[in-house]
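The values are calculated or read from the model by the stated rules, or taken from the named source; none is laboratory data. As the structure is a computational prediction, the values presented were derived from the model and not from experiment. In this analysis, Cβ positions are derived from the backbone assuming ideal geometry, glycine residues included, and neighbour counts consider all displayed protein chains.
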Amino acid sequence: MIKKILIIFGITCSSLILSSTANAEVTLKNNVFEVVIATAEDGSQTEQWRAPDKILPGEKVGYQINFKNNGDEPAADIIIVNPIPEHTIYVQNSAKGLNTTIEFSVNNGKTFALPSQLFMEKDGQRVQAEAADYTQVRWILDKPLTAGASSTVQYIVKIK
């Protein structure tokens, strides 16, 4: 039997809410990182995720969500939802997750859509939503998570 699960959580592990449609045994851990640009001796630059120190306006924060199926059966219909924290802006194209469909909301989770299909009303006109308009990110796993398997999803925001 394939179990179904919906996972919704906040910014820190202490605000984690786990709700499922069956007695699935999927656990998750939300990690927070400071995202910095490191310059190598040759002048090349790479983005690095490190333990947060002081994070100031204009700097980036990365959220990495690790999840694992601790059960004996596959867990299907896994959906992970995380808010874009207040006073931050989602960094475009930063959401990642292997074997997932990634959608966004501009109305605090009332509706979700792919970026190309996400619209909102501004100044009385229907316009394409921009990354700065996103209020939540949602990952829908495209296939069941097998027993004992684990995976990771992530995204980055910039502090206003």
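Of the strands (runs of 3 or more DSSP E) that lie entirely inside the range 48-160, those containing 2 or more residues that are under 19 Å from residue 30 (Cβ atoms) and small (Gly, Ala, Ser) span 150-159. When residue 101 is tested against the conditions (1) surrounded by fewer than 13 Cβ atoms within 10 Å (Cβ to Cβ); (2) modelled with pLDDT of 95 or more, the lone failure is (1).
Of the residues making up the range 121-160, those that are β-branched (Val, Ile, Thr) and free of Cβ contacts under 8 Å to residues at least 40 places away in the same chain number 1. Among residues of the range 37-54 that are free of Cβ contacts under 8 Å to residues at least 40 places away in the same chain and under 24 Å from residue 65 (Cβ atoms), those with a Cβ under 8 angstrom from a residue that is part of a loop (DSSP other than H, G, I, E, B) and of a type in the set (Gly, Ala, Ser), sequence gap 6+ or separate chain, pair up as 46/40.
In the range 104-125, of all residues being crowded, with 18+ Cβ neighbours inside 10 Å and of a type in the set (Phe, Trp, Tyr), the one that is farthest from residue 157 (Cα to Cα) corresponds to 112. One residue stands out in the range 1-35 among those that are of a type in the set (A, V, I, L, M) and modelled with pLDDT of 90 or more: the one that is nearest to residue 60 (Cα to Cα), namely 35. Out of 113, 129, one residue alone is within 29 Å of residue 75 (Cβ to Cβ) and not acidic (Asp, Glu). It is 113.
How about the range 93-102: which of its residues are of a type outside the set (Val, Ile, Thr) and touching a Phe, Trp or Tyr at 6+ places or on another chain (Cβ under 9 Å)?
Listed by number, the residues that qualify are 94, 95, 96, 97.
Among the residues here, residue 154 qualifies as modelled with pLDDT of 95 or more and buried (at least 18 other Cβ atoms within 10 Å of the Cβ). Taking the stated definitions as given, is residue 54 of a type in the set (Lys, Arg) and surrounded by 10 or more Cβ atoms within 10 Å (Cβ to Cβ)? No: the conditions fail for residue 54.
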